[in-house]
Structures are given as structure tokens and as C-alpha cells.
Amino acid sequence: MTGLAVDAAVTPAAGENSRFAPSSDSSFTGTRRLLWLVLRRDRFRIAMWMLGLVGLMVVSASSIVALYTTNEDLEGYARTVRGNSALIIQAGPGYGLDDPTLGAVVMNETALWMFIAAAVMSVFMVVRHTRTEEEAERAELVRAAPVGRHAALASAMIGTLVVNTAIGAGNAVALLTFGLPTAGSLAFGASLVGVGMVFAGVAAVTAQVASGSRTALAAGGLVIGVAFVLRAIGDVGNGLLSWASPLGWAQSIRAYADERWWVLALPVVTTVVLVVAARALQDHRDYGSGLVAQRSGRPEATAQLSTALGLAVRLQRGSLVGWAAGLGALAFFYGLVADQAEQILEDNPDMADFFAQLGVASVTDAFLSTAMLIMTLFATGFTVSSVLRLRSEELSGRVDPLLAGPIDRRQWASSHLAIALAGTVALAFVCGAAMGAGTALVLGEADRVGELIGAGLVMVPAMWLLAGATLLVYGLLPRWSLAAWALVAWAFVAAMFGSLLDLPQWLLNLSPFQHVPALPAAPMSWLPIVLLAAIAAALIAAGLAALDRRDMA
Amino acid sequence: MSSAIQIEQLVKTFGSTRALDGLDLEVRTGEVHGFLGPNGSGKTVTIRILLGLLRADSGTVSLLGGDPWSDAVELHRHIAYVPGDVNLWPNLSGGETIDLLTRLREGGGSVGRQAVDLAKRDELIERLALDPTKKSRTYSKGNRQKVALIAGLSSSADVLLLDEPTSGLDPLMESVFQECVLEATAEGRTVLLSSHILAEVEKLCDRVTIIRQGRTVQSGTLDEMRHLTRTSISVATDRPITGLAAIDGVHDVAADDGEVRFDVDAGALDGTIRHVSSFGIRSLVSQPPTLEELFLRHYGDELDVASGRLDEAASS
């Protein structure tokens with residue numbers, strides 16, 4: 001075949017006989033065109049991620065710059081944070097806080113969460129443009145064209161690199177405009193790109209191995225969770241395990257604290273290794289299926305699979321079990337470090353006064369209530385995605401055979417909603433029980449288990465409210481269903497950055513979680529709980545009514 | 001009740017698009033009714049309105065005497081639906097999907113009824129050669145369609161709404177499908193069959209409705225519709241035929257090696273044959289118009305309109 005090129009050049013007639021034009025085609029042919037497709041299809045998502053991740057850094061940095069004006073302010077912050085395991089878990093080792101600068105404080109407050117966000121975005125993006133495309137059978141149209149076997153993977157990876165680079169650069173520029181040092185700003189931007197690309201590489205591999213796109217996503221998410229826990233243990237302890245975590249690498253570049261540039265080699269090398277591995281693995285799997293084969297199912301349905309609810313259980317149980325396992329492990333881990341919270345007071349008499357003023361009985365309780373808020377915010381991810389199942393079932397046309405049977409829309413929507421609401425209760429319970437178990441173990445206080453189960457369950461009405469809001473958006477404006485995630489994102493921002501950003505109270509109050517009594521630090525009060533539940537019920541009723549009146553897709 | 005489905009002046013718009021523009025459709029109880037029309041002419045929209053998935057803007061729609069929108073659930077106990085583009089839950093096996101859909105319909109009815117359904121289900125799985133243990137994500141289009149067909153045909157529904165149900169089946173399976181439809185009508189069920197496989201429609205359907213751009217252009221039995229169009233005649237005579245082209249209703253006369261071919265309108269058939277016979281007929285072959293020809297006439301108009309639009313677009 002290679003001889004053709006020469007023959008064709010010498011005698012044109014030889015070329016006419018052969019349909020194969022001599023060319024430089026490879027398994028990557030078409031990557032550039034597919035890259036445009038990736039960026040074109042995701043332009044809205046990319047804009048949202050950029051806006052979110054750069055915008056968050058802008059508001060965080062601006063408020064920190066305004067808040068910590070003197071060296072005493074910075075030293076006060078550092079005293080609180082330094083060496084406190086409870087805070088280190090959700091902030092990182094606190095490089096540069098021995099001699100605190102504004103940059104070090106900004107990093108300690110924001111960096112870890114930015115890294116996680118970049119990782120999540122990258123996993124979603126890579127899986128969306130590889131396995132999800134194959135499952136939707138759109139990819140065959142592309143592959144039937146003169147497009148190489150690896151072009152989809154290559155374009156997904158390059159597209160993710162483009163977006164990560166844009167986000168990293170945007171962050172660096174944002175930090176520079178607040179007058180922070182150039183080296184640190186660039187280092188943070190670069191580490192953001194690095195951590196995003198490592199997890200893009202992870203997703204490239206899980207996309208080859210997993211039996212379906214949902215499993216590929218879940219596996220990517222699991223790796224992020226493991227990376228979080230590894231670096232948390234490492235950061236609290238001797239730091240060794242942090243080197244086993246890509247999130248740990250991103251912190252180890254030490255932005256604004258005597259940057260270690262060589263650390264950047266770790267994500268670069270790892271990404272290359274993962275991509276090469278993904279490419280090799282792809283050659284060993286069939287189009288449309290993963291290396292892990294699809295098992296065959298039972299020829300007849302079990303008795304449970306007889307109703308709409310039975311189907312909803314079947315469709316969602318796997319995801320619920322996964323969420324419960326992941327959140328349970330993380331909550332247990334949070335519980336295990338509860339004993340460290342008291343350190344805050346020993347290290348920092350100012351904080352003791354602060355807590356005394358707030359009327360908080362114990363710092364341990366304050367830590368536990370914050371930890372519980374974070375865990376239930378995560379769990380709300382299940383709540384919303386569970387309600388949004390309705391949208392994917394409708395869009396895929398899978399709902400048609402159900403609604404063509406003697407089932408009305410309310411019954412069908414209620415079946416998935418029931419899983420969302422009951423699953424939410426289950427997850428809140430698991431979070432409470434696991435955190436309680438960890439706390440009881442480390443503090444030797446057995447009654448912590450019951451107390452924290454209560455602290456978890458008290459969050460349920462707020463989570464239900466977001467389920468109701470999601471249902472209403474879906475019923476009223478189905479095309480805007482994904483906007484429901486904005487509510488979750490807002491609840492996160494209000495909870496994690498609300499006090500830091502000094503946002504107006506009415507804006508914070510838009511998050512239902514702001515109204516939940518922060519057990520065990522605050523006393524129980526039933527009124528907000530009842531009100532939240534009532535609003536949730538009203539939203540659900542309105543959502544079902546709206547769904548009843550509109551056309552199905 | 002003589003009509004299972006009665007639609008009059010049905011209108012459905014999506015934004016500025018008029019998907020249905022005064023559509024009429026009558027399906028009599030117990031018949032197999034062919035529902036034909038080019039792509040995008042509104043067949044699926046009509047069926048989705050009959051299913052209560054879409055709400056009509058105006059016009060009257062009656063399904064088994066009920067309103068498909070407000071009486072959806074009650075009506076759906078008596079109908080079965082097979083879509084042309086079947087999407088299934090990827091991690092359920094074919095067998096599980098069939099059972100789920102059947103049980104939802106029967107609402108967990110009596111044990112005896114379920115036993116009958118199971119026998120029917122297993123028989124259909126056998127006849128359509130489906131492997132029920134495979135997960136739906138591994139099925140081909142044809143196999144996904146078999147799952148929907150088995151779920152629909154094994155039900156005891158009075159009305160079957162079939163929207164291009166065989167577009168992915170092989171010829172062998174298609175003939176099994178045709179047998180099943182004939183068995184269903186023998187049991188007195190009503191079938192609305194939207195299809196592009198004209199041989200299938202010709203074989204199965206008692207009456208046919210052809211729609212175009214959301215409007216009904218023709219409706220009736222195949223015989224009636226044939227009557228409305230031309231018969232092709234090929235004739236050899238002792239003496240050369242003269243004056244044929246002058247007869248009103250005769251078209252496309254062509255002479256070839258002593259044989260003359262022409263098309264004639266149904267109304268002019270008698271006079272034309274009299275005229276031709278005066279030249280001494282040696283052989284005569286008469287071909288009634290096939291459904292395909294009927295169809296192409298209407299599609300042809302459509303194509304003219306479409307290409308006209310393209311020209312406009314190109315010139316503007």
C-alpha cells in the first residue's frame with residue numbers, strides 16, 4: 001500500500017485503478033473537526049463553568065483582600081487554621097501560613113474546592129464526548145466518516161485541556177488583578193489545569209473500562225473521592241499520602257509560599273501515561289461497550305418490577321447505593337477528626353470569645369454541624385439528579401411506552417419523586433449515622449450517634465425543597481431543567497462562602513439550608529423545618545400540576 | 001360504536017410550525033387502517049395526540065368514544081402502542097422490559113389472566129426469535145422493536161397503535177408480524193398502522209388514509225382509491241390503433257413493437273376499451289395502480305412543492 005504513493009506520482013493511471021488515495025490518514029484523522037464539534041456543543045456549559053470558577057475566585061479574593069488589611073488580621077487567621085485537623089481536611093495543609101500573606105489565605109480558603117470543581121468538570125466532559133456519544137449512537141455517524149478510531153478520545157482530551165487552560169488562565173488573571181504576586185498566581189492557574197487534566201485522563205481510562213457511561217462517570221467520581229480522602233489523611237498526618245493524590249499534588253505546588261515548580265511534572269506525566277493507557281485500552285474493546293462486559297439479565301421480571309414505582313426503584317437503586325457508600329465513608333472520616341476541633345480554642349483565645357458571643361456551647365459541635373451541612377449539600381446532588389431522571393426518561397422516549405399504558409403522568413413522575421424523597425432521607429440518615437459512629441469512636445461518647453442522625457435528618461426538608469423546585473422547573477420549563485443545578489450551586493456558595501463573601505442576608509436566605517437549625521451546635525427549632533417542608537410540598541404539587549398540562553417531548 | 005378512532009379538523013402547532021392543519025381520520029372498529037404520508041407529514045404527531053402525550057390545539061379527537069387527553073389512563077387500558085423508534089432502559093433485559101410493560105397494562109390482574117399473557121408472551125418470543133436474557137443496551141434496532149412488538153401484541157388491547165412497527169425487522173420477522181396482525185384482527189381488534197412498507201399496507205389494510213403536510217389528502221378502501229387513479233394497459237392489436245390519444249382520460253400513450261401502452265382514468269376505461277377492441281385485440285394486460293403509484297402521485301406533488309420552496313430559498 002505504501003508503494004502506491006510513488007506509483008501514483010509516476011504513472012497517473014495506476015492511481016485510477018485504486019480507490020485508496022495515498023494519504024497521511026491515521027487513527028487520529030478528524031480530531032481537529034471533532035474538537036470544534038466538542039467546543040460548539042459545549043459552549044453553554046463551558047461558559048457556565050468559566051463564569052462559575054473564575055467568578056468564585058474573583059468574589060473570594062476581593063472579599064479576603066478587603067477583610068484582611070493588616071498583618072495582625074492575617075496572623076489571627078493563621079493562628080486559627082494552623083495545625084487544626086478539622087479545618088485542614090477541608091482546606092489543605094495551609095502552606096505559607098507560618099508567615100501568612102494574602103495569597104496564602106486566599107489559597108487556603110478556595111484552592112481545594114477549585115481543584116475539586118475542575119476535576120468534576122473534566123470527568124463529565126471526557127465521558128460525555130466518548131462513551132455517552134457511543135451510547136447515543138451518534139458516534140457511529142461520525143465514525144462512519146473518514147474519522148480515525150482515536151479521534152473522539154483525542155478531541156475530548158484536547159477540548160478539556162482548552163477549557164481547563166481557559167479557567168486556569170482566568171483564575172491567574174483574576175488573582176493578579178488583586179495585586180497578588182505573579183509567580184503564585186501563575187502557579188495556582190497551572191496547578192488548576194494540571195489537576196483538571198489528570199482527572200480528564202482518569203475519565204479517559206474509566207470510559208474504556210466501564211460497561212456503560214454512567215458507570216464510567218461513577219468510577220471517575222470515586223477516584224476524585226479517594227483522592228480527597230488520601231490527601232486529607234496525608235495533610236493531617238505526615239504528608240506522605242498526599243503525594244498519592246492528584247489533589248495533593250495541586251496543593252504541593254505551594255502557590256504564594258515559595259513555589260515548587262517541579263511538582264507540575266507530576267500531573268503532566270500522569271496525564272500522558274493515562275492517555276496512552278486509555279488509547280491502548282480502547283484498542284482492546286469493542287465500539288459501544290467497555291472492557292468489562294455487560295452481563296446477561298434474567299429472562300423474566302421479578303414480582304417487584306410490576307409498577308412504575310418498581311421500575312423507578314430498579315433504575316435508581318444502583319446510584320443510591322453508590323451515593324450512600326461514598327457519603328457514608330466521607331462522613332465517617334469527618335467524624336473521626338471531630339476531636340481536633342477543640343484545638344481551635346487552645347490555639348486561639350480570640351476564637352473562644354467569638355464562639356462565646358455566638359452562644360455556641362462547644363467548638364466540636366460547631367465543627368460537626370458545619371461538616372453535616374457539607375455532607376447533606378453533597379447528598380442534594382443525588383436528590384436533584386434523581387428528580388432529573390424524569391427529564392432523561394422523557395427525552396429518550398423511554399417514558400412513551402409507560403404513558404401509553406394505563407399510567408398517568410402524576411403516577412409516573414411520583415414514582416421517581418418518591419425515590420428522590422425517600423433516598424434523600426436515607427442519605428441524610430447514613431451521613432448522620434456514619435459521622436456519629438466516627439465521632440463516638442474518637443470521643444468515646446456513644447450518644448453522638450443519635451445526636452448526629454438527628455442533625456442529618458433535620459436537613460431533609462431543605463433538600464426536599466430543592467427536589468420540589470427541580471420538579472417545578474421540569475414541569476413548567478422542561479428545556480431549562482438543568483437550571484435546577486444552579487439552586488444546588490447557590491446553596492453551596494451560600495454555605496461555604498456566605499460569611500466570607502459578606503453577601504446580603506436576603507441573598508443568602510434564598511438557600512433553604514440557611515434556615516435549618518445547625519444541629520448539634522444550635523438548638524432545635526421546629527418552625528423553619530415545618531415551613532420548609534410545606535414549601536417543598538407546595539412546589540411538588542405545582543410541579544405535578546404543570547407537568548399535567550404540558551406537551552410531552 | 002362503529003368508529004374506534006374519529007378525528008375531525010385536528011390542528012396542532014409547535015410555535016410557528018403547523019404540524020397538523022385540519023386532519024381528518026376515521027378508523028372503524030375491527031379494521032386494519034393504513035396511515036400513510038411522507039416523512040414529517042404529521043403521522044407521529046397524530047399518534048402522540050391519540051396517546052395523550054400531546055394536547056390538540058383545536059378539532060375533535062375521539063378514541064374508543066373517549067377523549068385521549070382527559071381520559072388517558074382509562075383509555076390506555078384498552079390500547080397498545082408500538083413506536084418505530086424504540087428506546088429501552090439499557091440495564092433491563094428484554095424479558096424484564098416485556099413483563100414490566102405487560103404488568104403495567106394489566107395492573108396486576110387476576111392470576112388466570114396473567115397465565116394466559118405469559119403463554120402468549122412466550123409464544124411471541126419464540127416466533128419472533130428474541131433472546132429475552134440480553135440487556136437492552138446490547139439489542140439492535142430490530143431486536144428493540146421486537147421487545148415493543150411482543151409487549152404490545154401479547155396484550156389484550158382493543159386498539160393497536162403501530163407507528164412504523166417493522167422499520168427495523170428482517171423480511172422473515174416482518175411476515176411473522178403480518179401474521180400476528182391478521183390474528184389480532186381475527187380476534188376483532190382494531191389496528192392503526194403507520195408504515196412506509198407499502199406491500200405490508202396492501203396486504204394488511206382494509207382502508208387507508210394518506211396525509212400530507214398535516215392534512216388528509218385521501219381516505220378510503222384500496223379499491224376505492226384505485227378507482228380514483230389510472231389503470232395501466234398494455235395491448236397488442238391486429239390493426240394499428242388510431243385516435244387513442246384523442247380520448248379524454250387517456251394518458252402517456254406509447255407504441256413499441258406492435259404493442260401499445262397507455263394509462264387511462266377509471267371513468268374513461270369502458271369507452272377506451274370499446275375503442276381499442278374495434279382494432280382487434282390479440283392480447284391485453286391491465287394493471288391496477290399499485291399503492292406505490294398512488295403514493296408516488298401524492299409524494300410527487302409534495303416533491304414539487306418542496307423543490308419549489310428550495311428554488312425560492314436559493315433565489316432569495
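The values are calculated or read from the model by the stated rules, or taken from the named source; none is laboratory data. These numbers were taken from a predicted model, which means no experiment stands behind them. Backbone-built Cβ (ideal geometry, glycine too); neighbour counts: all protein chains shown.
Return the residue satisfying two criteria in turn: it lies in the range B:95-109 and is modelled with pLDDT under 85 and facing chain A (nearest Cβ under 7 Å), and of such residues it is farthest from the chain's Cα centre (by Cα).
Within the range B:95-109, the match that is farthest from the chain's Cα centre (by Cα) is B:Gly108.
Does the range A:317-337 contain at least one residue that is farther than 30 Å from A:Ile158 by Cβ, assigned to a loop (DSSP other than H, G, I, E, B) and in contact (Cβ under 8 Å) with a residue 60 or more places away in the chain?
Checked the range A:317-337: at least one residue is farther than 30 Å from A:Ile158 by Cβ, assigned to a loop (DSSP other than H, G, I, E, B) and in contact (Cβ under 8 Å) with a residue 60 or more places away in the chain.
Please specify each residue of the range A:113-153 satisfying the condition of being outside any helix (DSSP H, G or I) and either touching a His at 6+ places or on another chain (Cβ under 9 Å) or more than 27 Å from A:Ala250 (Cβ to Cβ) (or both). Can you show your working first?
Pass one, the range A:113-153, residues outside any helix (DSSP H, G or I): A:130, A:136-138, A:145-150.
Selection gives A:Ala136, A:Glu137, A:Arg138, A:Ala145, A:Pro146, A:Val147, A:Gly148, A:Arg149, A:His150.
Could you list, in sequence order, the residues of the range A:236-290 that are of a type in the set (Lys, Arg) and at negative phi?
To start, the set of residues in the range A:236-290 that are of a type in the set (Lys, Arg) comprises A:254, A:260, A:279, A:285.
A:Arg260, A:Arg279, A:Arg285, listed by residue number.
Being more than 11 Å from every other protein chain (Cβ to nearest Cβ) and part of a helix (DSSP H, G or I) is true for just one of A:Leu264, A:Leu291. Which residue is that?
On the way: A:Leu291 fails: part of a helix (DSSP H, G or I).
Unique residue meeting the criteria: A:Leu264.
Looking at B:Pro83, B:Pro90, which is the one that is surrounded by fewer than 20 Cβ atoms within 10 Å (Cβ to Cβ) and either facing chain A (nearest Cβ under 7 Å) or within 22 Å of B:Lys135 (Cα to Cα) (or both)?
Details: B:Pro83 fails: surrounded by fewer than 20 Cβ atoms within 10 Å (Cβ to Cβ).
Step by step, each of B:Pro83, B:Pro90 is checked, and only B:Pro90 is surrounded by fewer than 20 Cβ atoms within 10 Å (Cβ to Cβ) and either facing chain A (nearest Cβ under 7 Å) or within 22 Å of B:Lys135 (Cα to Cα) (or both).
Assess whether B:Thr242 counts as being out of contact with any His (no Cβ under 9 Å at 6 or more places or on another chain), of a type in the set (Val, Ile, Thr) and surrounded by 14 or more Cβ atoms within 10 Å (Cβ to Cβ).
Values: out of contact with any His (no Cβ under 9 Å at 6 or more places or on another chain): yes; of a type in the set (Val, Ile, Thr): yes; surrounded by 14 or more Cβ atoms within 10 Å (Cβ to Cβ): no.
Here the answer is no, as B:Thr242 does not meet what is asked.
Given the structure, is A:Ala280 without any contact (Cβ under 8 Å) to a residue 24 or more places away in the chain, more than 14 Å from chain B (Cβ to nearest Cβ), part of a helix (DSSP H, G or I) and surrounded by fewer than 18 Cβ atoms within 10 Å (Cβ to Cβ)?
On the way: without any contact (Cβ under 8 Å) to a residue 24 or more places away in the chain: yes; more than 14 Å from chain B (Cβ to nearest Cβ): yes; part of a helix (DSSP H, G or I): yes; surrounded by fewer than 18 Cβ atoms within 10 Å (Cβ to Cβ): yes.
Judged against the criteria, A:Ala280 is a match.
Looking at (1) without any contact (Cβ under 8 Å) to a residue 60 or more places away in the chain; (2) more than 9 Å from chain A (Cβ to nearest Cβ); (3) not small (Gly, Ala, Ser), which is the one condition that is false for B:Leu50?
(1)
Could you count how many residues in the range A:404-443 are more than 14 Å from every other protein chain (Cβ to nearest Cβ), over 21 Å from A:Leu388 (Cβ atoms), buried (at least 24 other Cβ atoms within 10 Å of the Cβ) and free of Cβ contacts under 8 Å to residues at least 60 places away in the same chain?
0
Taking the criterion of being more than 10 Å from chain A (Cβ to nearest Cβ), surrounded by fewer than 20 Cβ atoms within 10 Å (Cβ to Cβ) and of a type in the set (Asp, Glu), would at least one residue in the range B:118-132 satisfy it?
Checking the range B:118-132: at least one residue is more than 10 Å from chain A (Cβ to nearest Cβ), surrounded by fewer than 20 Cβ atoms within 10 Å (Cβ to Cβ) and of a type in the set (Asp, Glu).
Could you check the range A:490-517 and list, in sequence order, the residues that are under 15 Å from A:Met463 (Cβ atoms), surrounded by fewer than 21 Cβ atoms within 10 Å (Cβ to Cβ) and small (Gly, Ala, Ser)?
Listed by number, the list holds a single entry, A:Ala495.
Inside the range A:309-335, can you point out the residues that are surrounded by 21 or more Cβ atoms within 10 Å (Cβ to Cβ) and over 22 Å from the mean Cα position of the chain (by Cα)?
Of everything in the range A:309-335, those that are surrounded by 21 or more Cβ atoms within 10 Å (Cβ to Cβ) and over 22 Å from the mean Cα position of the chain (by Cα) turn out to be A:Leu311, A:Ala312.
Of the residues B:Ile98, B:Ile197, B:Ile125, only one is in contact with a helix residue (DSSP H, G or I) (Cβ under 8 Å, 6 or more places away or on another chain) and closer than 30 Å to B:Gly40 by Cβ; which? Please lay out each step first, then the result.
Values: B:Ile98 fails: closer than 30 Å to B:Gly40 by Cβ; B:Ile125 fails: closer than 30 Å to B:Gly40 by Cβ.
Unique residue meeting the criteria: B:Ile197.
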